[in-house]
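Take a look at the structure set out below.
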Amino acid sequence: MADEAQPDDATVLQARDHWNNVYRHKAENEVSWYEERPDLSVSLLRSAGIGLEAAVVDVGGGASALVDALIGAGQAHVTVVDLSAAALDRARQRLSGASGIDWVVADARAWRPERHFDAWHDRAAFHFLTETGDQSAYVAVLKSALLPGGVAVIGTFAPDGPEKCSGLPVVRHDGKSLQRLLGPDFDLLGSISHEHHTPWGSVQKFQFSTFRRRGTL
């Protein structure tokens, strides 16, 4: 099992139970967010200057193949954070024997990172935070985890994307709305639209925005 590090409150427990149930009863390619090759995420990290020596954290990574792609390319260190132990156990089993990976069961709003990172990646976790307080808590954790000069790549449903995912409401974003929430400590480097094709052939409209954290050590 992955190491647990999450608050024990009703909201988190409800979310944890929801996602554990999803990953215990559906195969990886039976969920809408399944992505066989995370080419766009890897490309955005590399184009922002994140090299193989960098420490990367994938927030809400679940059973995503991003960690496979990064470690397979020789990434020095990848941390995968998700509140579903079932999701992380699935990915951990898939990568059994791989080194340079930390698996952390935690809620992104209350995680207490034990190290700093050069890059923060989030594909479709932030848009589940529909309350202002939850969004602010997430941003506070992001600031505590990401080194000055570090890069954050955040993918969410686009303004014309789905209003729900896995039966849960989401908040749709573009680069400007994310910039307002992240605040003046982050510079928006760019945004890109992306059409994600689900395993059953439907199209979900996403946007990915890349930010650099201001400041120096």
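Going through segment 144-175 one residue at a time, which ones are exposed (fewer than 14 other Cβ atoms within 10 Å of the Cβ) and assigned to a helix (DSSP H, G or I)?
Across segment 144-175, the qualifying residue is only S144.
Under 6 Å between Cβ atoms, at least 6 apart or on separate chains: pull out the pairs that start in segment 26-42 with a residue that is closer than 16 Å to Q204 by Cβ and end on any residue that is assigned to a helix (DSSP H, G or I) and among the charged types (D, E, K, R).
Between residues of segment 26-42 that are closer than 16 Å to Q204 by Cβ and residues that are assigned to a helix (DSSP H, G or I) and among the charged types (D, E, K, R), the close pairs are Y34/E28.
Determine, yes or no, whether V80 is surrounded by 23 or more Cβ atoms within 10 Å (Cβ to Cβ) and part of a strand (DSSP E or B). Quick ask: steps written out before the conclusion?
On the way: surrounded by 23 or more Cβ atoms within 10 Å (Cβ to Cβ): yes; part of a strand (DSSP E or B): yes.
For V80, the condition - surrounded by 23 or more Cβ atoms within 10 Å (Cβ to Cβ) and part of a strand (DSSP E or B) - is met.
Residue by residue, here is whether (1) farther than 25 Å from R213 by Cα; (2) in contact with a helix residue (DSSP H, G or I) (Cβ under 7 Å, 6 or more places away or on another chain); (3) hydrophobic (A, V, I, L, M, F, W, C) holds:
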| position | (1), (2), (3) |
| --- | --- |
| D17 | yes, no, no |
| L40 | no, no, yes |
| S43 | no, no, no |
| V59 | no, no, yes |
| G72 | yes, no, no |
| L88 | yes, no, yes |
| A91 | yes, yes, yes |
| G100 | no, yes, no |
| R109 | no, yes, no |
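What's the number of the only condition in (1) surrounded by 15 or more Cβ atoms within 10 Å (Cβ to Cβ); (2) touching a Pro at 6+ places or on another chain (Cβ under 7 Å); (3) under 21 Å from G61 (Cβ atoms) that D118 fails to meet?
(2)
Filter segment 176-217 down to residues that are under 25 Å from G150 (Cα atoms) and aliphatic (A, V, I, L, M) and give me whichever is surrounded by the fewest Cβ atoms within 10 Å (Cβ to Cβ). Walk me through it before giving the result.
Applying the first criterion (under 25 Å from G150 (Cα atoms)) to segment 176-217 yields 176-194, 206-217.
Those left that are additionally aliphatic (A, V, I, L, M): 178, 181-182, 188-189, 192, 217.
Numbers: L178: 22, L181: 18, L182: 21, L188: 14, L189: 17, I192: 14, L217: 6.
Across segment 176-217, the extreme among qualifying residues is L217.
Residues in segment 22-59 that are at pLDDT below 85, in a helix (DSSP H, G or I) and surrounded by 13 or more Cβ atoms within 10 Å (Cβ to Cβ): how many?
3
Of L181, L146, L168, which residue is farther than 19 Å from G61 by Cα, in contact (Cβ under 8 Å) with a residue 40 or more places away in the chain and among the hydrophobic types (A, V, I, L, M, F, W, C)? Quick ask: steps written out before the conclusion?
On the way: L146 fails: farther than 19 Å from G61 by Cα; L168 fails: farther than 19 Å from G61 by Cα.
After applying the criteria, what remains is L181.
Can you find, within segment 90-129, the residue that is modelled with the highest pLDDT among those that are among the basic types (K, R) and not in a loop (DSSP other than H, G, I, E, B)?
Only one residue tops the list, namely R123.
The values are calculated or read from the model by the stated rules, or taken from the named source; none is laboratory data. Fair warning: this is a prediction, and the values are worked out from it, not measured in the lab. Virtual Cβ from ideal backbone geometry, glycine too; neighbours counted across all protein chains shown.
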